[in-house]
Amino acid sequence: MTAPRRPAPAPPLDLAALVADRDTRIIVCCGSGGVGKTTTSAALALAAAEAGRQVVVLTIDPARRLAQSLGLVELDNEPRVVETPGAPGELSAMMLDMKRTFDDVVSAHSTPERAEVIFANPFYQALSSSFAGTQEYMAMEKLGQLRASEKWDLVIVDTPPSRSALDFLDAPNRMSRFLDGTMIRLLTAPARAGGRAGVRLVGAGFMLFSRIISKILGGQLLNDISAFVSALDTMFGGFRERATATYELLRQPGTSFVVVAAPEPDALREASYFVDRLSTEGMPLAGLVINRTHPPATTTLSATRAEAAAEAVAEAGGKGAKLAAGALRVHAERMTVAAREQRLADRFTSAHPEVPIRTVPAAAGDVHDLEGLRVMGEALLAAEGDTGTGTPRSRVLPVRPAAG
């Protein structure tokens, strides 16, 4: 009976070349929660600055872990320079404040008088701070602003965890659906029709609609929405155009998506989802980072042989036997864990054979400062064969020779 065919090894992910390439202008890191995505973004940003890039890292992750790992007290909506002694480039970091970004957009694209009317509107206040989809749209706005700036030649985006990480790709379509929806068209119909004739033209239908919606939402909320829409009406086209332009920018050469996962079934399933989604959207994928792996110090001794040797040493007894047997059992456990992680990685590669992979060993503790980020950056950017164990960095364990 023929043995099942093993998948070909995944191609290696060369993040050093990606970061050093001056044509790379945007890197988007996405992945499920708890896989080290924020730390990966920060480590790549620090490595880019040390490679001479002018880089800004934007986090949309509300957990604010990025500030801690960069040695900053806090992050806000304006880029803050991170002290990186000796780096030929410069690193800045910021966290998306969707209300401030929305306020800035309104101020930039309306008169001061109209902006004050919009800012005072209760519906705007709710929309700009907590309305579903606003964060993703404002992320698109902020990314477009950073990319258009001449100050930075690389923007790294740290997205929210789980599947919402790619919701900002839907921002242009969501905004268009909102602006072109039936409710918005009805709310703006009297103003767009113009004059008393226009009011008469739409009056009957609008009054019926208004009475129904007033019963559902309440009269005051409906008035707030109508006033907000009327004040913002002239800006709708600009919102849609800028979001669409940024969306198209994400599909062009110069942008790369890096999917981050842990060597766990759920995280790699999410990674598979991200890869499929990016392919559907036509977004350029650089590859997959499998973070927090557990490669053994040596692969010459299998888990089975290590367990057998531990038993033999323990039975023989003598000075140091207990310590030696313990070390052998630790190695056997490490080999077992590594084998499981490699099987999961192989399963991903079977489904996505074209996706390059880089594995990053788990750190001894939490990464919370620049030195920790620098160590992780070295693991992300080091040469494929530079491991000291003979295992390439695209794998947790070396490829086993085929049975003869």
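The values are calculated or read from the model by the stated rules, or taken from the named source; none is laboratory data. All values reported here derive from a predicted model rather than from experimental measurement. Neighbour counts run over all protein chains shown; Cβ positions are idealised from the backbone, glycine included. SASA here: full protein model, heavy atoms, side chains in, ligands and nucleic acids out. Shrake-Rupley method; radii C 1.70, N 1.55, O 1.52, S 1.80 Å.
Just a few scattered comments:
- Failed item in (1) more than 20 Å from residue 158 (Cβ to Cβ); (2) at pLDDT 95 or above, with residue 3 passing the rest: (2)
- In segment 94-103, the residues that are in contact with a helix residue (DSSP H, G or I) (Cβ under 6 Å, 6 or more places away or on another chain) and either within 23 Å of residue 44 (Cβ to Cβ) or at pLDDT 90 or above (or both): 96
- Residue satisfying condition, being in contact (Cβ under 8 Å) with a residue 40 or more places away in the chain and either more than 28 Å from residue 365 (Cβ to Cβ) or in contact with a Cys (Cβ under 9 Å, 6 or more places away or on another chain) (or both), within set 275, 313: 275
- Within segment 347-404, the residues that satisfy the criterion of being within 15 Å of residue 261 (Cβ to Cβ), in contact with a strand residue (DSSP E or B) (Cβ under 9 Å, 6 or more places away or on another chain) and assigned to a helix (DSSP H, G or I) are 348, 349, 380.
- Only a single item in (1) touching a helix residue (DSSP H, G or I) at 6+ places or on another chain (Cβ under 8 Å); (2) modelled with pLDDT of 90 or more is not met by residue 253, and it is number (1).
- Residue check for residue 121: at pLDDT 80 or above and either basic (Lys, Arg) or open to solvent by 10 Å² or more (accessible area, probe 1.4 Å) (or both): yes
- Residue 20 being modelled with pLDDT under 90, hydrophobic (A, V, I, L, M, F, W, C) and touching a helix residue (DSSP H, G or I) at 6+ places or on another chain (Cβ under 9 Å): no
- Answer residue from segment 356-377, given it is acidic (Asp, Glu) and without any contact (Cβ under 8 Å) to a residue 24 or more places away in the chain and is surrounded by the most Cβ atoms within 10 Å (Cβ to Cβ) among those: 366
- For segment 7-18, the set of residues classified as out of contact with any Lys or Arg (no Cβ under 7 Å at 6 or more places or on another chain) and open to solvent by less than 20 Å² (accessible area, probe 1.4 Å) consists of 10 only.
- Residue check: residue 343 meets all listed conditions (1) open to solvent by 40 Å² or more (accessible area, probe 1.4 Å); (2) at pLDDT below 95 but one, namely (2).
- Of all the numbered requirements in (1) more than 39 Å from the chain's Cα centre (by Cα); (2) loosely packed, with under 15 Cβ neighbours inside 10 Å; (3) free of Cβ contacts under 8 Å to residues at least 12 places away in the same chain, residue 321 misses one, and that requirement is (2).
- Selection from segment 386-402 of residues that are under 22 Å from residue 50 (Cβ atoms) and open to solvent by 60 Å² or more (accessible area, probe 1.4 Å): 386
- Tallying residues that are of a type outside the set (S, T, N, Q) and outside any loop (DSSP other than H, G, I, E, B) within segment 36-95 yields 25.
- Sole residue being in contact with a helix residue (DSSP H, G or I) (Cβ under 6 Å, 6 or more places away or on another chain) and open to solvent by less than 20 Å² (accessible area, probe 1.4 Å), chosen from 141, 136: 141
- Taking segment 16-36 as the range and being touching a residue at least 60 places away in the same chain (Cβ under 8 Å), more than 22 Å from residue 272 (Cα to Cα) and not hydroxyl-bearing (Ser, Thr, Tyr) as the test, the residues that pass are 16, 19, 22, 23, 25.
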